[in-house]
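The values are calculated or read from the model by the stated rules, or taken from the named source; none is laboratory data. Since this is a predicted model, take the numbers as computed values, not measurements. Ideal geometry is used to build each Cβ from the backbone, glycine not excepted, and the neighbour counts take in all protein chains shown.
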Amino acid sequence: MKNIAIVSNTSWYVYNFRKGFLSELIQLGYGVFVIAPKDKFVKEIEEIGCTFIELKQIQNKGKNPFQEMLLTLELKKYFKKNKINFALFYTPKINIFGSIATKFSKTKGIATINGLGFVFNEGQSKLLQGIVKKLYGFAFSGLPAVFFQNEDDKEFFIQSKIIKSNQQVYVVRGSGVNLAEFYQKTNFTSTSQITFLLSARLIKEKGIGEYLEAAKIIKQKYPNANFALLGVVADNPSAIPIEIVKQLNAEGIIEYWGSTDNMSVTFDKVDVMVLPSYYREGIPKVLIEALSKGLPVITTDNVGCKETVDDGKNGFLIPVKSVDALVSAMEKIINLSPEQRIEMGKYSRQKAIQEFDEKNNHQQYIDVIRKIG
């Protein structure tokens, strides 16, 4: 039996984004280890049948080279002690230092670029970006496989000469979605009571500010329209102050829904998914889930987001940072008949089935594991 480790910067991520993959690997006879910081999802991960190993030496926001060295050594120790044959890495810091750790063990690493992250957002330090590119280049040299979630990120890594010409590169359609768990929604409200939802970490790059401004404008013209916001307060330099969110909630402009452990049920209360992001996304999982639920989507013509919408068919693509464009798209949705919105939702569901079924995603990884094994 060969052992596979799934390594991430949170247990939450592993359970919510990869639980179907974990189950499939176990069914195929692999020994499956999850290496991540401990949080409330450890129990659920172990109930799937995985061995959980707590990752202690990680500071997600830290830039201390000594701390990163400790993280690398910790991962190397776990790979050797548990005879890990393959390690699959997710999230930027884990991709870099997990891949470096494989250079000092017999473990074969597979990295997944699920978005470039905060460092490569507009306005960030060019020096820091240069350092991160160098780190990626060193870490990924010798990796047998690298996965991307969109073509833009793949081209960025190739043009930046991070990926070598002889390396195996694959593109998957995001993290995929469980089509049964995110069943097709059938109960849509009347046009005058339509509910929009933005679900994301509360940082400006997710388009939170544009969404809040658009909600103020639409509310004046369509007082029965509802605007929900779902997401946790972020520990991030570009975090949206929770006081602003609470004030707009108190004024009746938005409804702040906090967080949820059951996104599918939450979507049952929603008519339209909105994500005006200008973050360097992979493909946002929340958009894929919204497609599977059969919701129209409004999102930006931005890396990772644009893959989820065929403009005018299952929603609308808008320019980044444009409140006016967002308001216009919302008005278009409001002025559709319920039947037209339902047709948009059906298109979303078919797009999810054809392009984002997680089983196809899993099979691509499994094929690569067998190929390099």
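For region 1-18, the set of residues classified as farther than 19 Å from Asn114 by Cβ and assigned to a strand (DSSP E or B) consists of Asn3 only.
Of the residues screened, Leu198 is one that is of a type in the set (A, V, I, L, M), assigned by TED's automatic domain parsing to the domain that holds Trp257, touching a Leu at 6+ places or on another chain (Cβ under 8 Å) and closer than 30 Å to Asn360 by Cα.
Restricting region 14-70 to residues that are touching a strand residue (DSSP E or B) at 6+ places or on another chain (Cβ under 7 Å) and of a type in the set (Ser, Thr, Tyr) leaves a set whose member that is farthest from Arg370 (Cα to Cα) is Thr51.
The residues of region 333-358 that are surrounded by 15 or more Cβ atoms within 10 Å (Cβ to Cβ) and in contact with a Phe, Trp or Tyr (Cβ under 9 Å, 6 or more places away or on another chain), listed by number, are Ile333, Ile334, Arg341, Ile342, Gly345, Ala352, Glu358.
Of all the residues in region 177-210, those that are more than 27 Å from Val245 (Cα to Cα) and under 20 Å from the mean Cα position of the chain (by Cα) number 7. Any chance region 175-189 includes a residue that's of a type in the set (D, E, K, R), under 30 Å from Asp367 (Cβ atoms) and out of contact with any His (no Cβ under 7 Å at 6 or more places or on another chain)? The answer is yes, given that some residue of region 175-189 is of a type in the set (D, E, K, R), under 30 Å from Asp367 (Cβ atoms) and out of contact with any His (no Cβ under 7 Å at 6 or more places or on another chain). Apart from one condition, Glu281 fits all of (1) surrounded by 14 or more Cβ atoms within 10 Å (Cβ to Cβ); (2) touching a Ser or Thr at 6+ places or on another chain (Cβ under 8 Å); (3) more than 15 Å from Leu197 (Cα to Cα); the exception is (2).
Taken over region 158-171, the criterion of being surrounded by 21 or more Cβ atoms within 10 Å (Cβ to Cβ) and under 30 Å from Leu291 (Cβ atoms) is satisfied by Ile163 alone. Within region 19-75, if we keep just the residues that are part of a helix (DSSP H, G or I) and touching a Ser or Thr at 6+ places or on another chain (Cβ under 7 Å), the residue that is surrounded by the most Cβ atoms within 10 Å (Cβ to Cβ) turns out to be Ile45. Would you pick out the residues in region 312-336 that are among the charged types (D, E, K, R), part of a loop (DSSP other than H, G, I, E, B) and either more than 19 Å from Tyr211 (Cβ to Cβ) or over 24 Å from the mean Cα position of the chain (by Cα) (or both)? Lys313, the sole residue that qualifies.
Each residue in region 347-365 was checked for being without any contact (Cβ under 8 Å) to a residue 60 or more places away in the chain and within 12 Å of Val297 (Cα to Cα), and 2 of them qualify.
Matching residues to (1) outside the structural domain of Val232 (by TED's automatic domain parsing); (2) touching a Lys or Arg at 6+ places or on another chain (Cβ under 8 Å); (3) of a type outside the set (Val, Ile, Thr); (4) modelled with pLDDT of 95 or more:
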position	(1), (2), (3), (4)
Glu255	no, no, yes, yes
Lys313	no, no, yes, yes
Val320	no, no, no, yes
Val327	no, no, no, yes
Leu336	no, no, yes, no
Ile342	no, no, no, no
Gln350	no, no, yes, yes
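Screening region 85-199 for strands (runs of 3 or more DSSP E) wholly inside it with 2 or more residues that are closer than 30 Å to Lys269 by Cα and among the hydroxyl-bearing types (Ser, Thr, Tyr) returns the ranges 195-199. Please verify whether region 359-366 includes one or more residues that are surrounded by fewer than 20 Cβ atoms within 10 Å (Cβ to Cβ), of a type in the set (A, V, I, L, M, F, W, C) and assigned by TED's automatic domain parsing to the domain that holds Gly20. Within region 359-366, one or more residues are surrounded by fewer than 20 Cβ atoms within 10 Å (Cβ to Cβ), of a type in the set (A, V, I, L, M, F, W, C) and assigned by TED's automatic domain parsing to the domain that holds Gly20.
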